[in-house]
Amino acid sequence: MKQYKNSMSRASFLRLLGCSTLGLFLPNSSESVSKSQSKDSNLENQFIDKLFSESLVFDGVGSLGIKRGLERVSFVPGDIKKLTGIDAGTQGVPTARLDEHNRWLEEHKDAFYRIDRASDIRTTQVTNRYGMLYYIQQGFEMNGIIESLAKWKEQGLRCLQITYGDNELGGGSRSNETPLSALGKNVIKEMNRLRMVVDISHTGKRTTLDVCQLSSAPVTANHANAERLTGHSRNKSDEEMKAIAETGGLVGVTTINRFIIQDHSRPATIDDFVDHVDYIVQMIGIDHVGIASDCGMDGTQRYEVDFSGPYLNSYERWKHVARRLHRKGYTETDLKKILGLNFKRVFAQILDP
């Protein structure tokens, strides 16, 4: 190890003395730093406020609980957006309750709007209503045939996750070697024909790759994170994410604690979440990444095991995420894509004729 002499030249001493003396004649340095930091903070806040006033915020899995907590909300235009911090999101609806949800939306049409095509997203923004894109994750049965898909679409369904666990279509996230079944292949082809969104958030690796190879339309994993950063069976490998991007689709990074950090005995922080966003952007490109809370309508987590830190466990979580990403060098255009424009692009390619 190199040793340094404990001595100082005369020239070095004079330079140090000059700097120290100069400080006596300058304005209070701590006060100047404080004012500078305050100015920077104000500019950042103005940037974020402007960004969100101009952006579409689409949550890949909004989980707006129709039966949970909405009695506290006044159904006037804009109120739901204020509560959730988002403009629109996918809405989980069981196949057996599609008609019930439609009746509910009709009763509350001043506050909500069903998204059937990408152009409807613009309507939700202009009318200040919360947009719902019907999405089924589990609990459906094909019974060996594909005819139900057309009926479900007629009832408003636009996005179907083909497996939650193992089913007749293919493998769930714990079954990495299970391929897409013959019925599964027919389902993908029929969904492409009907212009429905194929989602593979919970599918195993082999099924994911099979779907991406077969689909003629973009494919989404609307709530999944990077397996390389957090080794959970629900997260996607680099190979899977690249395959999704090659279809033109996207990955919606989710705030679920156990998908963000390996040691989920502690709360996941905003920086932990941003690490996943940044990693996936670097892996597959800015045009193929979105956001997905998969938590309560007001930003709070639904399950104790999924608890996250206060910045993620808040209706302002996407503002906090945008702020952190901006500090990492993400531009206004980048942030608008991540917040919602990427989802809108995918929906435009699939849903709109």
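Coordinate-derived values only; no laboratory data. Keep in mind it's a predicted model, so treat the numbers as computed, not measured. Cβ sites come from the backbone with ideal geometry, for glycine too, and all protein chains shown count toward neighbours.
Tabulated values for the structure
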quantity: Order of Arg97, Arg158 - criterion: other Cβ atoms within 10 Å of each residue's Cβ, fewest first; calculated: Arg97, Arg158
quantity: Segments 48-59, 160-171 sorted - mean Cβ within 10 Å per residue, highest first; calculated: 160-171, 48-59
quantity: Radius of gyration and Dmax over the Cα atoms of segment 56-350, both given in Å; calculated: 17.7, 51
quantity: Residues Ser265 and Asp116, FRET efficiency given R0 of 45 Å [Cβ-Cβ distance, rounded to 0.05]; calculated: 0.60
quantity: Gained length - Glu106 relative to Lys185, 0.36 nm times residue gap less alpha-carbon distance; calculated: 24.9 nm
quantity: Cα gyration tensor, segment 217-353 - rounded (a/c under 1.5), prolate or oblate; calculated: prolate
quantity: Sorted peptide list for 229-238, 199-208, criterion being average Cβ within 10 angstrom, highest first; calculated: 199-208, 229-238
quantity: Segment 126-272: C-alpha gyration tensor shape, a/c 1.5 cut-off, then a/b vs b/c; calculated: oblate
quantity: Cβ-Cβ FRET estimate between Lys242 and Gln349, R0 fixed at 22 Å, reported to 0.05; calculated: 0.75
quantity: Long pairs among Lys236/Lys337; Lys109/Lys242; Lys109/Lys153; Lys189/Lys236; Lys189/Lys242, criterion Cα-Cα beyond 31 Å; calculated: Lys109/Lys242
quantity: For segment 69-144: rounded, prolate or oblate by the Cα gyration tensor [a/c cutoff 1.5]; calculated: prolate
